[in-house]
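Sending over a structure as structure tokens; questions will come in a sec.
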Amino acid sequence: MLLTITTRTDSYIQFMTVLILFVVILTITYLVTRWIAKVQKERVGTGNLEVIETCRITQNKYVQILRAGEKYLVIAVGKDEIHMLSELSENELVFREETQGQVPDFAGVLERVRKLKEKEKD
């Protein structure tokens, strides 16, 4: 029976090969995930239906404002059912500024949390 002896160089080459493969697989995973997110975002953004806002009521129940064509609808979404609550006009809605793509300022977020904690103590 032949015994194989691995040298230090062989071990180093194996380690580097595994490390390079790991980095390549992570890079491919990252790129594919970004590509899928872009495709999904384009799909959601086109068409006549758009979710304007969602508010979670309980674990499985939500209230959503939808734009369906030119109309705005308020719906209740449960685990197995969806109910229309009412219809809104555009002037009844308050639209927030878009913060998409902007990174929140950490110092500002920390200051808001600190103020909330101070209010809770009082």
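Below 8 Å between Cα atoms, with a sequence gap of 6+, how large is the relative contact order for the chain in percent?
The normalised contact order for the chain reaches 10 percent.
Which of 114, 67, 96 has the fewest other C-beta atoms within 10 Å, and how do the rest follow up to the most?
Ordered by Cβ neighbours within 10 Å, fewest first: 96, 114, 67.
Please report the relative contact order for the stretch 48-95, taking Cα pairs under 8 Å with a sequence separation of at least 6, and give it as a percent rounded to a whole number.
Relative CO of the stretch 48-95 lands at 26 percent.
Values in this text are rule-based calculations from the coordinates and carry no lab data. Nothing here was measured: the structure is a model prediction, and the numbers come from that model. Don't worry about glycine lacking a Cβ; one is built from the backbone with ideal geometry, like all the others, and counts go over all protein chains shown.
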